[in-house]
Amino acid sequence: MPITEHRPLAVYYEHPEWFRPLFQELDRRGLPYVRLQADGHQHDPSSRAPAFALVLNRMSPSAYLRGHGSAVFYTLQFLAHVERWGTRVINGSAAYRFEISKAAQLSLLASLGLPFPRARVIHDASRALVAAEGLRYPVVVKPNVGGSGAGIRRFDSAGELATAASARTLDLGLDGTALVQELIPPEDGVITRVEVLDGKLLYAIRVHATAGLFNLCPADLCVSGSGEPLRGDAGQAAAPRRSVTVEAYTPPRHIVAAVQQLIRAASIDVGGVEYIVDARDGRHYFYDINVLSNFVTDARRVVGFDPYVELVDYLQRMAT
């Protein structure tokens, strides 16, 4: 149904800064919307869901880094409740299940025959060394419920991993589950993120990062490929992460087709997929699916347009 004062768009989110550009675009158009902050949110499962024209889910699993970890799994219950009453949710419960499980992401990749770094799933830190048998070092231990690179640790040898496992210093994250996964050395130190909206390529960026850095969130301030600080929604270049640079990129057609297939299979309406080209053999590997698609900072400079305009256009279409 159309977005109206009586049936507004609902934006369900947790991060206090990432979605200011979205709210600014909604305000610019005068579209009625309500902000549903995940922290402190509650719902009555015996009552009909509120009268929203559409719900946009922007919940991040990295919420636990900001003291809101309890909202991560709560969100799944809320989205399912809204859907049962017939309200369309953009990046709904089916998609969100992949956001909160890296193990599920790899299982999906395997079912589609798409390449990804070899991995084992564990729920007991003491089993990490056994799980790594047959894997090529270096490996990483990566919490199943992640976000912003949180909790990921690199190990260059079995001895290093054995020491950490015996010392009980491995972080298995919110659900006590983690991946033990081969770490692919990226060609030229680059990872590529492909953004898709409504099944179509929106844009792609190449991210150049210092070795050992796992937080590659494009919504965090960094610098452009030419070394210029990228500017946030308020226009300031506050504390740029100079160890990370980004630039627009056009991926090969077969990569775009694979990403579209993956996004479709995961029921994702708007999202990003990251992949690496292995410096050793030139092969590509998909390694992360992002249901919470944080658009790159200063997108007009980096990719030449404002993706939030495209997103709001899409939301208006889906609400009619």
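The values are calculated or read from the model by the stated rules, or taken from the named source; none is laboratory data. Everything numeric in this text was worked out from a predicted model, so none of it was measured. Cβ atoms come from the backbone with ideal geometry, glycine included; neighbour counts cover every protein chain shown. Side chains included, ligands, DNA and RNA excluded: accessible areas come from the protein's heavy atoms. Shrake-Rupley method; radii C 1.70, N 1.55, O 1.52, S 1.80 Å.
Only residues that are open to solvent by less than 20 Å² (accessible area, probe 1.4 Å) and either more than 12 Å from Gln261 (Cα to Cα) or in a loop (DSSP other than H, G, I, E, B) (or both) were counted in segment 105-119, giving 3. I want to confirm something. Restricting to segment 176-201 and keeping residues that are assigned to a loop (DSSP other than H, G, I, E, B) and either touching a strand residue (DSSP E or B) at 6+ places or on another chain (Cβ under 6 Å) or in contact (Cβ under 8 Å) with a residue 60 or more places away in the chain (or both), which single residue is least open to solvent (accessible area, probe 1.4 Å)? So the residue we want is Ile184.
Checked against (1) open to solvent by less than 50 Å² (accessible area, probe 1.4 Å); (2) free of Cβ contacts under 8 Å to residues at least 24 places away in the same chain, Asp281 meets all criteria but (1). Across segment 289-320, the qualifying residues are those that are surrounded by fewer than 19 Cβ atoms within 10 Å (Cβ to Cβ) and of a type in the set (Ser, Thr, Tyr), and the one among them that is nearest to Gln260 (Cα to Cα) is Tyr314. If the condition is being small (Gly, Ala, Ser) and at pLDDT 95 or above, then segment 135-175 contributes Ser157, Ala158, Gly159, Ala162, Ala164.
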